[in-house]
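As structure tokens, the structure follows; a few thoughts come after it.
The values are calculated or read from the model by the stated rules, or taken from the named source; none is laboratory data. No experiment lies behind these values; they were computed from the predicted model shown. Neighbour counts run over all protein chains shown; Cβ positions are idealised from the backbone, glycine included. All accessible areas refer to the heavy atoms of the entire protein, side chains included, with ligands and DNA or RNA removed. Shrake-Rupley method; radii C 1.70, N 1.55, O 1.52, S 1.80 Å.
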Amino acid sequence: MPAVAVIGAQWGDEGKGKIVDLLSEKVNMVVRFSGGNNAGHTVINPYGEFKLRLVPSGIFHRDATCIIGNGVVIDPAVLLEEIEGIRKSGVSVERLFVSDRANLIMPYHRLLDGLEEEARGGGAIGTTRRGIGPCYTDKAGRLGIRVGDLLDKEVFRERLSFVLEQKNRVITKLYDAEPLSFDGIYAEYCGYADELVPHIRPTDMMVQRALEAGQTVLLEGAQGTMLDIDFGTYPYVTSTSTIVGGACSGLGISPLRVDRVIGVCKAYSTRVGEGPMPTELTGETGERIRERAHEYGVVTRRPRRCGWFDAVVGRFSTRINGFSDFALTRLDILDIMPSIKICTGYRVDGRTLTDPPSSPTVLARCEPVYEELAGWESDIAGVRRFEELPAAARSYVRRLEELIDCPASVVSVGPSREETIIIRDVP
Ligand code: IMP
């Protein structure tokens, strides 16, 4: 089996880490292709509980090679800290490789992320302030510094002095802030270079060779479709392509290589940061979901906004990504609900929409059209076979399949690997 992609179908935090961890047992390579340390995957396995930001979850499987591809932006301090934490738990990181073409997050990116957010005032995006947007801006503006530049300190010196001069002009003249020191950044990043060199590779070649050899490569998505730079709720999105298309450019592989695309949907919706979210529950029900599910950001610890499942979003994600099947996560969170709503359309300006509008102002005015299903009000964490779920839980999953036009292959009923129902073959 060639490449299998795992893609978030909502606004991120769908539980992709668990699904990737589950699938990683049977694959040869696990790769990240977009985003940076704005992503945070919680993985619980026999080695402990880990909050992974950059390292693919496959690192815990002895036989899997892990790749951070060219489409990812890398904060080397965060990556090295993560590597150290994994090493300390007794897991080898020798199989972890970073693309020489990936762009580096520099101190001015983090600084500018904060300054830009403040300048946006009431229109702030609610970014993670990790420098993601400014780093991708520089990549597109051809002002980026790439991981490969660290391999030659003279090349790095020249590139940094050229770029920093421009950045300091923006920092001081536009934002009236203090300039950053060349010497400090140069010394800091040369230190990171020494530690990172053993992991730097032309990873595009590695992935292509693995595919040519018939190996299974798992493409680990970050964030979700509704945060995609083109198809998400722009401008309240991240700065990269989070959809399956991003995997091809973020790794250097042909779309023809992607054999299966698994969408990951949480049984309800969450969103962190600003921007419209039609099914948001601002009252007691939203609060109950948040507390029961501990819906707080892995990276920023911000409370996540919670709401009912939005099938308009689910269907849109299925089409944009061509999901072959989907994994439904956190179904157990709904155990306490006497009844459960699913949004099937949006009412706006006297019309009912079945696709998300591209305009954030129109989306903000959309009222969800709900269908209400009975809850099951029982504990499903111990269930391992789909037929053993309460009838109401099965009906909920079956209705989601119909509405988003995609079959479910996995249902997760708890955080650990064992708390999983496999409906149909997983690679
Ligand atoms: P940025 O990616 O830090 O620029 O943030 C842009 C938007 O994407 C903000 O609304 C963030 O909260 C959101 N975001 C970024 N990464 C994640 C993630 O991993 N999960 C959920 N939301 C995210």
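I need the full set of residues from the range 213-230 which are surrounded by 21 or more Cβ atoms within 10 Å (Cβ to Cβ) and within 14 Å of the ligand (Cβ to nearest atom), in order please. Of everything in the range 213-230, those that are surrounded by 21 or more Cβ atoms within 10 Å (Cβ to Cβ) and within 14 Å of the ligand (Cβ to nearest atom) turn out to be Glu220, Gly221, Ala222, Gln223, Gly224, Thr225, Met226, Leu227, Asp228. A Cβ distance below 9 Å, combined with a sequence gap of six or more or placement on separate chains, defines the contacts here; from the range 162-179, residues that are more than 13 Å from Glu116 (Cβ to Cβ) and open to solvent by 100 Å² or more (accessible area, probe 1.4 Å) reach residues that are part of a helix (DSSP H, G or I) and not aliphatic (A, V, I, L, M) in the pairs Glu165/Phe182; Glu178/Thr172. Evaluation of Thr42 against the conditions (1) among the polar types (S, T, N, Q); (2) farther than 17 Å from Ile67 by Cα; (3) surrounded by 24 or more Cβ atoms within 10 Å (Cβ to Cβ) shows that the sole unmet condition is (3). Filtering the range 353-364 to residues that are open to solvent by less than 100 Å² (accessible area, probe 1.4 Å) and in a loop (DSSP other than H, G, I, E, B) leaves Thr354, Asp355, Pro356, Pro357, Ser359. The condition of being polar (S, T, N, Q), within 15 Å of the ligand (Cβ to nearest atom) and within 18 Å of the chain's Cα centre (by Cα) holds for only one of Thr270, Thr318, that being Thr270.
Residues are listed down the side, and each one gets a yes or a no for (1) open to solvent by 20 Å² or more (accessible area, probe 1.4 Å); (2) hydrophobic (A, V, I, L, M, F, W, C); (3) free of Cβ contacts under 8 Å to residues at least 24 places away in the same chain:
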position	(1), (2), (3)
Arg53	yes, no, no
Asp75	no, no, no
Glu84	yes, no, yes
Ser89	yes, no, no
Asn103	no, no, no
Leu115	yes, yes, no
Arg129	yes, no, no
Ile132	no, yes, no
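Residues that are within 16 Å of the ligand (Cβ to nearest atom) and open to solvent by less than 30 Å² (accessible area, probe 1.4 Å) are absent from the range 340-352 altogether.
Scanning the range 266-296 for residues that are among the small types (Gly, Ala, Ser), open to solvent by less than 10 Å² (accessible area, probe 1.4 Å) and either more than 29 Å from Thr352 (Cα to Cα) or in a loop (DSSP other than H, G, I, E, B) (or both) yields Ala267, Ala293. The condition of being open to solvent by 30 Å² or more (accessible area, probe 1.4 Å), over 29 Å from His41 (Cα atoms) and either in contact (Cβ under 8 Å) with a residue 60 or more places away in the chain or among the hydrophobic types (A, V, I, L, M, F, W, C) (or both) holds for only one of Glu419, Glu367, Glu371, Glu387, that being Glu367.
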